[in-house]
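What follows is one structure encoded as structure tokens, with my remarks underneath.
The values are calculated or read from the model by the stated rules, or taken from the named source; none is laboratory data. Since the structure is predicted, the reported quantities are computational estimates derived from the model, not experimental observations. Reconstructed Cβ throughout: ideal geometry from the backbone, glycine too, with neighbour counts over all protein chains shown. Heavy atoms of the whole protein, side chains included, go into the accessibility calculation; ligands, DNA and RNA do not. Shrake-Rupley method; radii C 1.70, N 1.55, O 1.52, S 1.80 Å.
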Amino acid sequence: QVQLVESGGGLVQPGGSLRLSCAASGSTFSSISMGWYRQAPGKQRESVASITPSGRTGYVDSVKGRFSVSRDNAKNTVYLQMNSLKPEDTAVHYCNTAGLGVWPWGQGTQVTVSA
């Protein structure tokens, strides 16, 4: 059973940066496209970024140019570098397989952007 553990969230001022990490255990991580998702209060979970096994990335329009997704297959870890953060980025952030999120969801990590 795959376990996903997200970390790195916190409270940051608008314009600030955070780097999220997601460690996956018990899986063929290196051969799977991974994604970052977020869920703001009262809203549905949305896909934010994705990365293929070869490193090709994709982003939702609202984060393009500000967020960068990367992975370290040796560590079974995917990262999300978030720069120029805005209050509307406030949400619980999760990682999972890209597209459908078929693994059990982790607890997520809270990102709060506020002055």
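Can you report the number of residues in the range 38-60 which are open to solvent by 60 Å² or more (accessible area, probe 1.4 Å), more than 25 Å from Thr112 (Cβ to Cβ) and not hydroxyl-bearing (Ser, Thr, Tyr)? Qualifying residue count for the region: 1. When we screen Ser70, Ser50, Ser54, Ser62 for residues that are without any contact (Cβ under 8 Å) to a residue 24 or more places away in the chain and outside any loop (DSSP other than H, G, I, E, B), the only hit is Ser70. Scanning the range 1-31 for residues that are in contact (Cβ under 8 Å) with a residue 60 or more places away in the chain and open to solvent by 40 Å² or more (accessible area, probe 1.4 Å) yields Gln1, Gln3, Val5, Ser7, Leu11, Gln13, Pro14, Gly15, Ser17, Arg19.
So, of the residues in the range 73-114 that are in a helix (DSSP H, G or I) and modelled with pLDDT of 95 or more, which turns out to be most open to solvent (accessible area, probe 1.4 Å)?
Glu88
Within the range 45-62, take every residue that is modelled with pLDDT of 95 or more and among the polar types (S, T, N, Q) and give me the one that is farthest from Val111 (Cα to Cα). The qualifying residue farthest from Val111 (Cα to Cα) is Thr52.
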